[in-house]
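The values are calculated or read from the model by the stated rules, or taken from the named source; none is laboratory data. The structure presented is a predicted model; accordingly, all values stated were derived computationally and were not measured. Virtual Cβ from ideal backbone geometry, glycine too; neighbours counted across all protein chains shown. For accessibility, only protein heavy atoms count, side chains too; no ligands or nucleic acids. Shrake-Rupley method; radii C 1.70, N 1.55, O 1.52, S 1.80 Å.
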Amino acid sequence: NIDKEIKTISITSTVPEEGKSFSSLFLALNIAELSKKVLIIDTDLRRPTLHEKLKTDNITGLSNYLVKGESNWKNFISKHESNKNLSYMTAGKVPPNSVRLLESNKMREFIQDIKNNGEYDLIIFDCPPVLGLSDSLIVSNMVDGIVLNVSLNKVDRDLATESVKKLNTLNTPILGLIVNTVNKPKSENGDKDKYFTNYMPNETS
């Protein structure tokens, strides 16, 4: 973006189980491989999954930081074991009211602090799905850009369109789409279509 630096992005989807968290982590890992300092944060406080992808625990994370009086967010961030350029913050303990935490002044100040800190080249917020929840819209309205993950053969086109309309009500621009779960063309021998993705063989069936 020639007018504005893109340093914080949210990645969301239309409905659950579209491979959003896997796409977020895959993007973070690839950018980190380019010698960029990347931080990925799980903001799905209702159904967190990033810690599972990272094979770590979810004892402390974003929700713990937002609830506690502690002001140093660095104490809630961990380094990736095999990639020194990648850091992460899990969602933490599931709170009784995720919306209240995400729309708090502390959350807004947190995003500004990590953006202005200079330690990271890119901060990725792994957000909940758009439809049915306001959580994703709250976070996406605080970042520089939005990426929508779309599973072509899983989500109805009308629902995906509705997601785009909701995201377009925000002041944050939609940067683009990550498309996964597409069908191979039918083979000449009449075999049934099979789902595939180039980079997520274990995420689809």
- request: Using only Cα atoms, tell me the angle between helix 105-117 and the longest principal axis of the chain; keep it within 0 to 90° and round to the nearest 10.
  value: 80 degrees
field: Lys, Arg +1 and Asp, Glu -1 on Cβ, resulting dipole of segment 102-167 about Cα centre, debye, nearest 20
entry: 220 debye
- line: If unit charges are put on Cβ atoms (+1 for Lys and Arg, -1 for Asp and Glu) and the dipole of the chain is taken about its Cα centre, the option from Asn117, Ile138, Tyr65 lying farthest towards the positive end turns out to be Tyr65
task: Using a 1.4 Å probe over the heavy atoms of the protein chains, calculate the carbon and sulfur portion of the accessible area of the chain as a whole percent.
output: 47 percent
task: Work out how much length Glu109 to Glu5 would gain on full extension: take 0.36 nm times their residue separation and subtract the Cα-Cα distance, in nm to one decimal.
output: 35.6 nm
With Cα atoms, 0 to 90° folded angle of helix 20-33 axis to the chain main axis: 70 degrees
- prompt: Quick one: if you take sqrt(5λ) for each eigenvalue of the C-alpha gyration tensor of the chain, what semi-axes come out, biggest first, whole angstrom?
  reply: 29, 19, 17
statement: The convex hull of the Cα atoms of segment 111-167, divided by residue count, gives a volume in Å³ per residue of 86 Å³
statement: Nearest-0.05 FRET efficiency for Lys55 and Asn75 at R0 = 25 Å, using Cβ-Cβ distance, is 0.70
- prompt: Taking a 22 Å limit on the Cα-Cα distance, which of the listed pairs Lys7/Lys106; Lys93/Lys115; Lys37/Lys106; Lys53/Lys165 fall beyond it?
  reply: Lys93/Lys115; Lys37/Lys106; Lys53/Lys165
query: Are there GluC sites (Glu not before Pro) in segment 66-167 that DSSP marks as loop and that have at most 13 other Cβ atoms within 10 Å, and which are they?
result: Glu70, Glu81, Glu119
statement: With the 1.4 Å probe rolled over protein heavy atoms, the chain has an accessible area per residue in Å² of 55 Å²
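What fraction of the Cα pairs in segment 1-66, stated in percent, has a spacing above 18 angstrom?
In whole percent, the long-distance tail amounts to 45.
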task: Return an integer: the convex hull volume of the alpha-carbon atoms of segment 38-86, in Å³ per residue.
output: 82 Å³
query: For all pairs of alpha-carbon atoms in segment 1-119, what percent lies in each bin of width 10 Å, listed from the first bin to the last filled one?
result: 12, 45, 36, 6, 0
message: To the nearest 20 Debye, how big is the dipole of segment 9-143 about its Cα centre, given +1 on the beta carbon of each Lys and Arg and -1 on that of each Asp and Glu?
response: 200 debye
- prompt: Against the longest alpha carbon principal axis of the chain, how many degrees, from 0 to 90 and to the nearest 10, is the axis of helix 157-167 turned?
  reply: 20 degrees
